[in-house]
Amino acid sequence: MARIQKLAPETTGKIAAGEVVERPFNVVKELVENALDASATRIVLEIEGGGKRSIRIDDDGTGIAAGDIPMAVENYSTSKISKIEDIFRVRSLGFRGEALASINAVSRMTIRSMEEGMEVGREVRWAGGEQREDRPLVRKVGTEIIVEDLFFNLPARRKFLSSDASETRRIVSAIQGFALAWPGTAFVMRSNGRELLSFPAGTLEERVEMVLGPSVFPHLKPFSKSDGSLEVSGYVSMPSLTKGNRSSQFMFVNGRYVRDKLIGHAVRQAYQSIIPGDRFPVVVLMLETPPEMLDVNVHPSKAEVRFENERDVHRLVSSAVREALEDRTISFRDKVESVYRSIFPEDNSSDTPAGKDPQGISRTAEPGRSDWLFQESPRPLFEKDGGGAHGQTSTGLYWQLHDSYIMIEIRGGMVIIDQHAAHERILYDKARRNLEGEKAIVQSLLFPATIELSPDEYDSFEKIVDTLPGLGFEAEPFGMRTIIVRGIPAGVRNWDDGRLLRTILADLGRGLPATDSILRSFACHSAVRAGERLTLEEMESLTDQLFATEFPFTCPHGRPTMLRVEMRELEKRFQRTPGTEG
Ligand code: ADP
Ligand code: MG
């Protein structure tokens, strides 16, 4: 390792200044970063009293040259950079040369280190920054740092620390983060003598499973994508697993654990319309970028970074995660298939011999997939005035509750579908596909409608005029603030003489609307509402099409489209046990 030297004042003046040590967590973070920078392959951390009483970290890295140890704890002394430009080249986690100094000033610290290739090492002890002991020492190559009685000389700061348990929790989560980013390094953590974490070196996959646990791992999907010199990879949870907060989101830039808004937003966007806004996916994300495109000198504890190419980063992260989520549709459909199978008991089609249709033509033998299930309905879903069949709504299979929910008997109980949410999902997916290039199916209006818009509505109209054909609207300007509409999307039945389009336009408001908000607004206002009576055919078609969408279980706002009620649950609520009769 390079020698430690003091940075010149013109360099230190440019380094993001601020408090490094707020709580035991920060101490641990800095010490682990130092061990990783020293190429440690095994890091052992022991804390007592939540890290307030003591923090001991032992690594098998390169060690510190005996002569450099006193220098290591001085302000702005580092072996990692020598001038400010170096921070745009730096591959190490540290670069400010301040951590050991700051920690030393507020604790009783001991450094024991033995440099690679040396026969004798050195141990130095300080208290509140004052040197107390200094002696030669022999140990294996590597460094051991002990930090005791944090803030012993600053009682006011000590008061702000949380309970042992909560300080310990923070540290555990930091070690989990490091462990995810550095799967090739072994980590052990003990608290008050009890082992809390132990991760042997391994592959990323093994590490992810170990850190996040066997119950989370099956819901995760790996991803990786690159774009020029940017590279992103990691694991994200399928919509089947979300959390109530961000504590299971781990994001790293060049191995650095960050809380980055840009990356967070890009991930969030990939989940848009898939999970509710108040739920959080599990995320392990590593971004690799050339150091010269990254400013790490933004935040005193290095938790934030700034990218030169923000747009590229955002686009890459969002699309990589989205692709991972969409890819899962295969097994998602498998799941749908199993729900659907139970909705339609097999004996329903038992008059058709397996694999053959009545004409004797072989069906495609793709496993787990039945053709009729994924076919687009050939007719528009809701034809105008299709309400002639009222009274037919209750059969053995479909039943409409309060003109709002479709109840379907399935083998182990029943499924309840929210007709509005379900139709929203269908329209959203269709419109999305149409915008991505598939041609929208338009139903022409018998009499083209001219609609006069308010100034705001007209404003919105002009902004989304290029998007409208993709949705299935044939509309164009027709004089001052008036538009003429010749066709509307097939499957939309609440056109209501143009009110539908006006509502969507009014919804979009000022600013350039994001495609997704256009889609959601369109889906929401065009979808059949709660309180509308559906015919049997419509219920069937709605259910069919819902299951053919990519994410049938949630609406574009992330709310559930269906609930499953198990017979077992009914039995429990009726306090029936097997064999209870009468
Ligand atoms: P920085 O990491 O920003 O350089 P620090 O105050 O954290 O500053 O550490 C100062 C110097 O001490 C480092 O540059 C490094 O040379 C040395 N050092 C600290 N911890 C270790 C360690 N565990 N192994 C080897 N060297 C270390
Ligand atoms: Mg450091």
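The values are calculated or read from the model by the stated rules, or taken from the named source; none is laboratory data. Just so we're clear, the structure is a prediction, and the values are computed from it rather than from any experiment. Backbone-built Cβ (ideal geometry, glycine too); neighbour counts: all protein chains shown. Ligands, DNA and RNA are excluded from the accessible area calculation, which covers all protein heavy atoms including side chains. Shrake-Rupley method; radii C 1.70, N 1.55, O 1.52, S 1.80 Å.
Observations
- Within the stretch 53-64, restricting attention to residues that are over 12 Å from Ala40 (Cα atoms) and either acidic (Asp, Glu) or crowded, with 22+ Cβ neighbours inside 10 Å (or both), the residue that is nearest to ligand 1 (Cβ to nearest atom) is Ile64.
- Search result, residues across the stretch 71-83 that are of a type in the set (Gly, Ala, Ser), within 11 Å of ligand 2 (Cβ to nearest atom) and part of a loop (DSSP other than H, G, I, E, B): Ser79
- Residue list for the stretch 141-155, restricted to those being β-branched (Val, Ile, Thr) and either open to solvent by 20 Å² or more (accessible area, probe 1.4 Å) or farther than 22 Å from Arg23 by Cβ (or both): Val141, Thr143, Ile146
- Pick from the stretch 258-279, criterion farther than 14 Å from His314 by Cβ and surrounded by 20 or more Cβ atoms within 10 Å (Cβ to Cβ), ranking: farthest from the chain's Cα centre (by Cα): Val258
- For the stretch 402-477, the strands (runs of 3 or more DSSP E) that sit wholly inside it and include 2 or more residues that are open to solvent by 10 Å² or more (accessible area, probe 1.4 Å) and closer than 17 Å to Thr503 by Cβ are 442-452.
- Applying the condition of being assigned to a strand (DSSP E or B) and not basic (Lys, Arg) to the stretch 535-571 and asking which residue is most open to solvent (accessible area, probe 1.4 Å) yields Leu563.
- Filtering the stretch 84-119 to residues that are under 23 Å from Glu133 (Cα atoms), within 11 Å of ligand 2 (Cβ to nearest atom) and of a type in the set (D, E, K, R) leaves only Glu98.
- Qualifying residue in the stretch 54-67 (condition: within 15 Å of ligand 2 (Cβ to nearest atom), acidic (Asp, Glu) and at pLDDT 95 or above): yes
- Any hit, the stretch 189-199, residues being open to solvent by 20 Å² or more (accessible area, probe 1.4 Å), assigned to a strand (DSSP E or B), among the polar types (S, T, N, Q) and within 21 Å of Val32 (Cβ to Cβ): yes
- Here Pro222 passes the criteria (1) under 21 Å from Gly184 (Cβ atoms); (2) loosely packed, with under 13 Cβ neighbours inside 10 Å except the one numbered (2).
- Cross-chain or 6+ apart pairs with Cβ under 8 Å, the stretch 29-44 first and under 13 Å from Leu100 (Cβ atoms), then within 9 Å of ligand 1 (Cβ to nearest atom) and in a helix (DSSP H, G or I): Glu30/Ala99; Glu30/Leu100; Glu30/Ile103; Leu31/Ala99; Leu31/Ile103; Glu33/Ala99; Asn34/Ala99; Asn34/Leu100
- Elements of type strands (runs of 3 or more DSSP E) in the stretch 84-162, at least 2 residues being within 16 Å of ligand 1 (Cβ to nearest atom) and in contact (Cβ under 8 Å) with a residue 40 or more places away in the chain: 108-114, 121-127, 142-148
- Out of Glu123, Glu133, Glu33, sole residue that is within 12 Å of ligand 2 (Cβ to nearest atom) and modelled with pLDDT of 90 or more: Glu33
- Number of the exception - Val138 against (1) open to solvent by 80 Å² or more (accessible area, probe 1.4 Å); (2) closer than 19 Å to Arg53 by Cα: (2)
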